[in-house]
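Reading through the structure tokens given below for one structure.
Values quoted throughout were computed directly from the atomic coordinates according to the rules given, and no laboratory measurement underlies them. A quick note: this is a predicted structure, and the numbers were derived from the prediction, not measured. Glycine gets a Cβ as well: all are built from the backbone with ideal geometry, and neighbour counts include every protein chain shown.
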Amino acid sequence: MASCWWPWRWRRGCSWRPAARSPGPNSAGRAALYAPRAAAVAAAATVAVARAQMSYCNLMKSLTSAFRNMYGVSRFHHTTPVACCFSETLSGEKYTDPFKIGWRDLKGLYEDIRKELFISTAELREMSEYHFDGKGKAFRPIIVVLMARACNIHHSNARNVQASQRAIALIAEMIHTASLVHDDIIDDASSRRGKHTVNKIWGEKKAVLAGDLILSAASIALARIGNTTVISILTQVIEDLVRGEFLQLGSKENENERFAHYLEKTFKKTASLIANSCKAVSVLGCPDPAVHEIAYQYGKNVGIAFQLIDDVLDFTSCSEQMGKPTSADLKLGLATGPVLFACQQFPEMNAMIMRRFGSPGDVDRALQYVLQSDGVQQTTYLAQRYCHKAVSEISKLRPSPERDALIQLSEMVLTRDK
């Protein structure tokens, strides 16, 4: 299982960068060491927060520099540098914001989604449309239309997006938003994107129905495309979302299993939608299975990296930046990448992980341990590895502004701050 999700062997003391070791569980005087360590952690908490935020900023600068200087070899059609496109793209055009390129095909995105949700019941319509206010990042629709154009150009040099491919972008955003509505109910969340959640305003029962309505509207839009392969690809996403949520409700005692569990959950809850949406538009635009796999692998790797950085930002950003409370994962009992890496240096965190940070003081102590460790840096380096893999995959396609924009988007995933 671990080999499916973990790109290198995971064991205590073996990680992306060598981590400083704390005494092992059988070390002499372990019990005596814990009390002064806990006191030291508490005393350094404020300094650790500032240092972690500063080191994260410095890390982002160094990663950006390193990412621009990586080179890779395409194994499909072209031999090109894969990540030197940030001032000049690989196809020779000047840098253009990927979101600016993508929005050419997404004008009226949220208006079109609201048309899909048109119903006679005013309250249900208001709840369903609540998050389609144009204030989200639209990260998934942007990736989908860029991938559509990149695949179309690769296959036939066609420089337009088919109506069915654009519909996938809408469907992806609708599935994503429905999952957020349902997640907020499960997590009893009160804020999302800088405003109250649906369940906070209308209550849990009505919020469940709003999420269901969005999913049903997405399913109807998907059926209209009329391609059974594409329908099968995107219905897999809904299954993965459910399975991912179940994985999140559980935990593993063994460290190897724990990290594999975390990465599988990350794929199912976040990356599956991006990967399968990319694959769907490639199927609609190109008959070559090799291209379908390129699109899927790009989406999978960018999606995992996106969530890894999201987990980092839960420790390094403030609530105003994120539009939702930070340290939320610890409060929900979740051990994300920074926590699992920190556990290498502070083995006493194992007990807290297994009880899902449920004892008094667990959340504060775990936060302090993470900020004193290199868990944030380790998780960021892991995200960089996934982004590098994504760039390697998409670079196999024929050069185009859209392909280059997808490469640029990989850097943006790594360096975002919200």
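Structure data summary
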{"item": "³J(HN,Hα), Karplus 6.51/-1.76/1.60, whole Hz, each residue of region 251-260, x for Gly, Pro", "result": "8, 10, 7, 6, 4, 4, 5, 5, 6, 4"}
{"item": "Chain lengthening between Arg398 and Thr235 when straightened (0.36 nm per residue, less Cα-Cα)", "result": "55.7 nm"}
{"item": "Reachable aspartates and glutamates from Lys100, criterion Cα separation under 14 angstrom, eight or more residues apart if same chain", "result": "Glu402, Asp404"}
{"item": "Burial ranking of peptide ranges 146-153, 203-210 (average Cβ count within 10 Å, highest at the top)", "result": "146-153, 203-210"}
{"item": "Inter-site label distance for Thr415 and Ala290 at 7 Å from Cα along Cβ, in nm", "result": "3.3"}
{"item": "Relative pair counts by distance (%), Cα atoms of region 95-414, 20 Å bins", "result": "32, 57, 11, 0"}
{"item": "Approximate spin-label separation Arg159-Ala328, in nm, with each point projected 7 Å along Cα-to-Cβ", "result": "4.1"}
{"item": "Hull-based mean projected area of region 191-270, where the convex hull spans the alpha carbons, in square nanometres", "result": "7.2"}
{"item": "Ordering of 262-275, 360-373 by packing [mean C-beta count within 10 Å, highest first]", "result": "262-275, 360-373"}
{"item": "Entries of Lys269/Lys418; Lys137/Lys396; Lys107/Lys206; Lys205/Lys418; Lys115/Lys137 with Cα pairs more than 23 Å apart", "result": "Lys137/Lys396; Lys107/Lys206; Lys205/Lys418"}
{"item": "Separation in nanometres of the label points that stand 7 Å from Cα toward Cβ, at Lys115 and Asn227", "result": "2.1"}
